[in-house]
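K.L.:
Encoded as structure tokens, here's the structure I'll be asking about.
The values are calculated or read from the model by the stated rules, or taken from the named source; none is laboratory data. Predicted, not measured: the structure shown is a model, and the values here were computed from it. Please note: Cβ atoms are built from the backbone with ideal geometry, for glycine as well, and neighbour counts cover all protein chains shown.
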Amino acid sequence: MPRPTGRITPALPDGRPVKITLGQMRETGARGVIVFCEDYRCSHNVKLAPDVVDQWPDELRISDLEPRFVCGVCGRRGAIVRSDDPPPRMGTG
């Protein structure tokens with residue numbers, strides 16, 4: 001029986017995975033983002049409100065944003081950016 005093949009995740013030259021665009025994120029209903037310091041020992045994070053994120057174009061990839069952030073606490077360059085999804089509405093009607 002043939003073995004199932006693993007998924008291949010596209011990667012950037014530095015090894016980071018290519019992530020979705022802001023337009024794709026907005027299609028899911030998420031508009032804000034949470035930015036985490038890349039240094040796990042720092043653990044600093046900040047939420048960027050939708051009005052800030054809305055200034056960026058739909059074509060911009062989240063993976064292109066990550067190396068641009070600099071932590072305001074430890075000074076390290078690089079971040080992990082996640083969408084700030086709206087809370088689920090299960091059981092509300």
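K.L.:
Is it the case that some residue within segment 3-12 is more than 15 Å from the chain's Cα centre (by Cα), modelled with pLDDT under 75 and charged (D, E, K, R)?
P.N.:
Yes, segment 3-12 has at least one match.
K.L.:
Return the total of residues in segment 58-93 being closer than 15 Å to Asp39 by Cα, of a type in the set (Gly, Ala, Ser) and touching a residue at least 24 places away in the same chain (Cβ under 8 Å).
P.N.:
Matching residues across segment 58-93 total 3.
K.L.:
Between residues in segment 45-57 that are of a type in the set (A, V, I, L, M) and residues that are assigned to a helix (DSSP H, G or I), which pairs lie under 9 Å by C-beta distance while being six or more apart or on different chains?
P.N.:
Val53/Leu22; Val53/Met25; Val53/Arg26
K.L.:
Can you work out which of the residues in segment 70-93 that are of a type in the set (D, E, K, R) and surrounded by 10 or more Cβ atoms within 10 Å (Cβ to Cβ) is modelled with the lowest pLDDT? Break it down into steps so the answer makes sense when it comes.
P.N.:
The initial filter retains those residues of segment 70-93 that are of a type in the set (D, E, K, R), namely 76-77, 82, 84-85, 89.
Adding the requirement that they be surrounded by 10 or more Cβ atoms within 10 Å (Cβ to Cβ) leaves 76-77, 82, 84-85.
On the way: Arg76: 96, Arg77: 96, Arg82: 92, Asp84: 91, Asp85: 83.
Filtering first and then ranking leaves Asp85.
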